[in-house]
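Have a look at the structure below, then the notes.
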Amino acid sequence: MTKNSVISTEAQRSGEAPVFAPAHASSEPNHLDELATTAAATAGMQPSMLDRRNLRQTLKHRMAANKLHDPATYLTLYRDSPEEQSIFLEGILNGETSFFRDATVFTELSRWCLAWFAKHSEPMRILSAPCSTGEEPYSIAALLEQAGVPLERFTLEALDLSSIALDRARAATYTGLSLRNLPQPEQSGFLDRVSQGWRVKKHLRDHIQFRQANLLAPNTLDPKSYDLICSRNLLIYQTAEARIQIAETLASALAPSGRLILGAADWGRDLDALFRLEEPVNSFALRLCERRSKVRIPTPKPTFQQPEPSTPNPLPKTQNPLLSDQLAEIADVYRDAYEAYCRGEEREAERLCRQTLYLETDHLPSLELLAKIHRPQASPRMKLALHARLKRHRIAAAKGGPR
């Protein structure tokens, strides 16, 4: 699965012209809707979170691969072929990520891991799910090695739904946006220059175990098998039922004293029965509730909105209830912004991003989404302003963190 595929961490914006010829234009939505619905169901995703342009591009590629010219003919093939369904799903799950994405998370992760190693003699068991094309697990391994932790002190498993993403992760060769948080890759200490770009050093490649898996499938993870789980930018894409099912799987797999790291927009009140937000809250680290109750799956709603639990557990004494409510509001607004962006409603996405930034001026996901919205049509002055603001907040977040 990418970052996202277990699910694509971000929908790609190809910007290409519509795939269909005018004769098929009126039937396009029906074909895309069925493809989106069936493909999303396999991954537990909300069909509305799939990028329509990415769907069109994948459909175009699969029609060409099967030498078909009529979308209706391809749809017939798709319905009758589980193999074609799997290949199509792979196409729409390919996402975009980068090394050390969100420096604040890695700063807090480093702090927590070093404290854990000081208390434990056994190896730490780490999971990255979804691992996408491998940047996150390799970042974790490099972070710990740079902190002086020997490889034998931790195991690192990485899983994803996409075999394409996993092939790229195993190849471990990167260029372009994957390196955007490494202004000088040659000084990173874990990359070697190769003809195709930059490749992760062999001892780190060999240390990570990659495997294909779906977190919605039963028995994917063994109980209490991990001390640290990174599952960022996955739950934002899921239906209400899939969110709870995946959250329960992660809770079962997490050791009693372990930590779960989510993305800024993944956390919501529907997880209160399983987890508690750990301080500092900006790392979006969760710990298990001491007494976990059965989670009630909320009734699905037409918009991406987290329902209030019927009997919420009290907040821990160390957590500020007002701050917790504000974080939930920020996460909700950002999710709405991203959903609007995936639907192609860029003006609404921009409005919601600015609302999020009103609540939290340095909310990096919203800044990055704004930059993506304005990338094709912004004036040079606006591009420079957004770039400068992003750079300023990234540097501030990275102070004391990994290089």
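Note down the nm distance, to one decimal, between modelled labels 7 Å out along Cα→Cβ at Asp80 and at Thr220.
About 3.1 nm separates the two model spin labels.
Could you put Thr175, Thr58 in order of accessible surface area, largest first, with the 1.4 Å probe and the full protein assembly present?
In descending accessible area the options line up as Thr175, Thr58.
So which aspartates and glutamates pass the test for Lys60, namely a Cα distance under 13 Å, with those fewer than 8 places away in the same chain ruled out?
Glu16, Glu28, Asp70
How much length, in nm to one decimal, is gained on full extension between Glu122 and Glu345, taken as 0.36 nm per residue of separation minus their Cα-Cα distance? All intermediate terms of the calculation are to be shown ahead of the outcome.
Numbers: separation 223, 0.36 × 223 = 80.28 nm, distance 4.98 nm.
That works out to 75.3 nm of additional length.
Give the cross-link partners of Lys202 among the aspartates and glutamates, using a straight C-alpha distance below 14 Å as the criterion and excluding same-chain residues fewer than 8 apart.
Output for Lys202: Glu145, Asp192.
Quick check: pseudo-label points 7 Å beyond the Cα along Cα→Cβ at Arg211 and Lys67, how many nm apart are they?
Calculated label separation equals 4.0 nm.
The values are calculated or read from the model by the stated rules, or taken from the named source; none is laboratory data. Keep in mind the model is a prediction, meaning the values are calculated, not measured. We place every Cβ from the backbone using ideal geometry, glycine too, and count neighbours over all the protein chains shown. For accessibility, only protein heavy atoms count, side chains too; no ligands or nucleic acids. Shrake-Rupley method; radii C 1.70, N 1.55, O 1.52, S 1.80 Å.
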